[in-house]
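The values are calculated or read from the model by the stated rules, or taken from the named source; none is laboratory data. From a predicted model like this one, the values you see are computed outputs, not experimental measurements. Cβ sites come from the backbone with ideal geometry, for glycine too, and all protein chains shown count toward neighbours. We work out accessible area using only protein heavy atoms, side chains counted, and drop any ligands, DNA or RNA first. Shrake-Rupley method; radii C 1.70, N 1.55, O 1.52, S 1.80 Å.
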Amino acid sequence: MMLLSKYLLPTLKEIPREVEIPSHQLMIRSGIMRQLASGIYEWLPLGLRVVHKVEDIVREEMNLIGGQEVSLPAMQPRELWEESGRWDFYGKELIRLKDRNKRDFCLGPTHEEVITDLVRGEVRSYKELPLLLYQFQTKFRDEIRPRFGVIRAREFYMKDAYSFDATDKNAETSYNNVFGAYCKIFQRCGLKFRSVEAQTGAIGGTFSHEFMVIAEAGEEIMVSCKCGYAANLEKAECLPPPKTERKRSGLKKLEEVETKDMKTVGEVGKFLKEKPDKFIKTLVYKIDSECVIVMIRGDHEVNESKVKSYLGVNEIFLADEKTIEEVTGAPLGFAGPVGLKVKCKLLADYSVEGIVNGITGANKKDYHLRNVNMSRDFEVDKVLDLRKVKEGDACPKCGKRLEFSRGIEVGHTFKLGTKYSEALRATFLDKQGKEKYFVMGCYGIGVSRIVAAAIEQSHDQHGIIWPLPIAPFQVLILPVNYEHEKTRAISDRIYEQLESAGQEVLMDDRDERAGVKFKDADLIGIPIRVTVGEKTLAKNMVELKLRGEKEVREIQPDQVQKLITELMKEKED
RNA sequence: CGGGGCGUGGCGCAGCUUGGUUUAGCGCGCUUGCUUUGGGAGCAAGAGGUCGUCGGUUCAAGUCCGACCGCCCCGACCA
């Protein structure tokens, strides 16, 4: 019997300090986990049960689409990562270490290299394809700033899957299969979620989707439209502004104005009495040793992901002041595209094209330029979409207003193509005996993150309200006084009946006052509570209450198992 | 990496400004006993702390100074 008196469940009355969002607070307070170091957590028995619940659901759905479970090493040799080019590309997020012989290793933040290496060694023929391999594994990413408990942790539990196909078309089928399985997984976990188009980032590939749990505390911003378009903020596009007809006559003469100590669009705009949308904001980025100039309209913001993906790099930084002086000949705040000292690649957002007689830095201390016009006063290498969309921008699909909402990313699917198979020379022989690269996909689900996301989405002021399918136990029996003979007898009997009916039951046999037990019950959020107390027992009744509802029903002890079984069926439908 | 905050029994905190009545307290939790017993009980008696680490100042350091470590928050960029 699972007795609470013997169960390691250290609940906390007080809200732990230094903990921000509800899910994190509740995970600590309800004894689900404890922190060991920044972004590194210990799972306690109750929490681990939830992890396993999620894991089981994921495993079932992956198996249903033909997935085969493997387990790959967390510790991976440098050579493999150099083959794919990611030893350098992945940056500081990759945790590196040396063995006793000074050989370099990393702790896997993801497993494309390892799985591709495995498959290139073992799979030779198209007849063995398609292949879908997956695993559950602890991943390591040295996050720039861990936060929100397990939502952005440095060590976390994830399911990752990799598909190998003979053709691009087949790979798309694999992708769609996983996509479907993911929808079922999140549904089964009882989550309100949405899939959005996303960027491929450090993983790479041709396209990708993120699965977002809708939650106020979410770190990610989702952009969506009534027409069905949905993307994350990094990826989201919008229609370029209608091109203003630029008549030669309308172009005024270029003119220099003094703007002493005014560096920002706001300051200069106020001084010149011009709106931000007249400005060509000019940013100097440094990529390795090269500089790239990015221009954008003053009222917009650069979406660095778009810059990164256009340039094909993983990390870009704004140039330091010294570099800016070298490139522009002026201190920070006076950069512009006209008359740069050093030849750089110039990129302009679509929004810059439409600016007539714009304002920009003069590349000269304390001066700006007025009446700047693209093509006449400066040439750019490329005009493209580089800005962050704003709420209300025009949807790229239908032109209606885009809406913003927040979410927690719990899954991500990537159509990789042949990026890794080419890098690692992973090939098979097709029907014609021709050597071909595997067409790959990779698919992640943040298992530990789902636990937090579920709480974020389902709690009240008293504690967690677990969705039934991922609850650590389905039923909590709460004998008001377990020492009372009849109470104990009835409680034990209900426990046994439920258990033999396949329910997972926790018995609060502690010698605590009723209040303590009720508070803890609400806190740990087990979906069904059966209260056995002398008061109702006098009427030969016990109480049944659902955590998410107010209503308390009185029923006969012998009816408990039957009613709960029915309730569970209802919930499943 | 930059800015801010914090570090004192398991948890939450006070004490530090102005060094010495501090044998380092308080609340929660924990142990034991009695009373209580349907929404975090009362009384009594206990256990539990190298005051983050190292160094310095001083007759004397939880308290002052320095370095380091850890944790949290904001930012990582708007030119």
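Couple of notes before you dig in:
- Considered as a group, the residues in the stretch A:533-561 that are in contact (Cβ under 8 Å) with a residue 60 or more places away in the chain and within 43 Å of the chain's Cα centre (by Cα) include one that is farthest from residue A:489 (Cα to Cα), and that residue is A:548.
- Enumeration of residues in the stretch A:1-33 that are more than 7 Å from RNA strand B (Cβ to nearest atom), free of Cβ contacts under 8 Å to residues at least 24 places away in the same chain and within 23 Å of residue A:506 (Cβ to Cβ): A:6, A:25
- The stretch A:506-532 residues that are among the hydroxyl-bearing types (Ser, Thr, Tyr), paired with ones that are open to solvent by less than 30 Å² (accessible area, probe 1.4 Å) and more than 6 Å from RNA strand B (Cβ to nearest atom) (beta carbon under 7 Å, 6 or more apart): A:531/A:478; A:531/A:542
- Taking the stretch A:485-512 as the range and being within 9 Å of RNA strand B (Cβ to nearest atom) and more than 42 Å from the chain's Cα centre (by Cα) as the test, the residues that pass are A:487, A:511.
- Counting only strands (runs of 3 or more DSSP E) that sit wholly inside the stretch A:356-458, those with at least 3 residues that are in contact with a strand residue (DSSP E or B) (Cβ under 8 Å, 6 or more places away or on another chain) and open to solvent by less than 40 Å² (accessible area, probe 1.4 Å) are A:358-364, A:367-372, A:403-417, A:439-446.
- Scan of the stretch A:213-237 for residues that are open to solvent by less than 20 Å² (accessible area, probe 1.4 Å) and of a type in the set (A, V, I, L, M), ordered by number: A:213, A:215, A:222, A:223, A:230, A:231, A:236
- Some residue of the stretch A:338-346 being assigned to a helix (DSSP H, G or I), within 13 Å of RNA strand B (Cβ to nearest atom) and in contact with a Cys (Cβ under 6 Å, 6 or more places away or on another chain): no
- Of the numbered criteria (1) touching a residue at least 12 places away in the same chain (Cβ under 8 Å); (2) away from RNA strand B (no atom under 16 Å from the Cβ); (3) in the same structural domain as residue A:157 (by TED's automatic domain parsing), the one residue A:452 fails is (2).
- Put simply, of A:252, A:260, A:235, A:278 the only residue that is within 31 Å of the chain's Cα centre (by Cα) and of a type in the set (Lys, Arg) is A:235.
- Candidates A:44, A:94: the one that is touching a residue at least 40 places away in the same chain (Cβ under 8 Å), within 16 Å of RNA strand B (Cβ to nearest atom), within 30 Å of residue A:218 (Cα to Cα) and aliphatic (A, V, I, L, M) is A:94.
- Residue A:345 meets each of the listed conditions (1) at pLDDT 85 or above; (2) open to solvent by 30 Å² or more (accessible area, probe 1.4 Å); (3) on the phi > 0 side of the Ramachandran plot apart from (3).
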